[in-house]
Amino acid sequence: MTLKVYEVTREGTVRVVRPEAEVVPVAVVDHTAAFPDCQCPQHRSEGTDAAYRVFVEHTARCATCRAGAPCATAAHLCRAWRETRR
Ligand SMILES: [Zn+2]
């Protein structure tokens, strides 16, 4: 089996990202590695929802955030929310 990776622009220009090469197919496919966890409301964890709500509520109430200025608390809460999504 061979594998070649290329990009095609809207104009039809082809750019080879990785030239054609022989590859050995895997015997067992790890499906969990293929896609990140679903983030739809039905499947995302409670922790993600809660952390997101805390972040959004802060940005709605904080004077610094409402003024559009950099806010250390918002940055911290946003980071905490991102951590829950991993
Ligand atoms: Zn803030």
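Taken together, the values in this text are just the output of simple stated rules run on the coordinates, not laboratory data. Note that the coordinates shown come from a computational prediction; the quantities given were computed from them, not determined experimentally.
Some notes on this structure:
- The distance linking segment 1-33 with segment 46-86 is 38 Å (Cα centroid to Cα centroid, whole angstrom).
- Computed extension length for residue 3-residue 46: 11.5 nm, one decimal, from 0.36 nm per residue of separation with the Cα-Cα distance subtracted.
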